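What follows is a set of notes on a single structure, which appears directly below.
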Amino acid sequence: MTDNSCGAHCARLCTTDGLAEVLAADRGLLHWRAMRSLGDPGLAEHAVQETLLRGWRSCRDFDARKGSVRTWLLAIERNVVVDIVRARAARPGDVGWDDITEVAGCGKPDFADGLVDGLFVDQLLARLSEPQRAAVVEVILRDRGYREVAADFGVPVGTVKTRVHYALRSLRQLPEVA
């Protein structure tokens, strides 16, 4: 498992022994920091794995003159955690009913609850401009990809992302309804 493309400043993550050393020495610290930042064991484990993967991919870019492998991996992990937090903020509906009912100890919502929730969502969507509303409906509610929606709308991907971003931002700034 050696990558011959690594240069003189290799972090040794591309070797079996080097990876084993990093796992033995730094995995606990990486997991602890991710857990502290994300508050979820599954996300923390994902962050550690993504950190090690990014480190492995950029092993040849490591420069010991700038710090240790541990410091380098912690910097990579910081970026991974930021990416995870941003992704969750952009797609806050990642929690399913099974997760909610486990915490709340209740069953699935009945028809009336669904109807009320639907009416509330309709009221919120009505406050958005038509382009923002269409983008939110497609990307958030219908769970479609930005590229797919952009192609359907005939606009650049960045335009769809901007519409969703500003729509969610304006909805977050609305006063809370009791």
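Some notes on this structure:
- Annotation: region 44-88 has a Kirkwood hydrodynamic radius of 10.8 angstrom, from the mean reciprocal C-alpha pair distance.
- R27-D61 pseudo-label distance in nm [points 7 Å out on the Cα-to-Cβ vector]: 2.5 nm
No lab work stands behind these numbers, since they all come straight from the coordinates. Just so it is clear, the structure is predicted and the values come from calculations on it, not from any experiment. In this analysis, Cβ positions are derived from the backbone assuming ideal geometry, glycine residues included, and neighbour counts consider all displayed protein chains.
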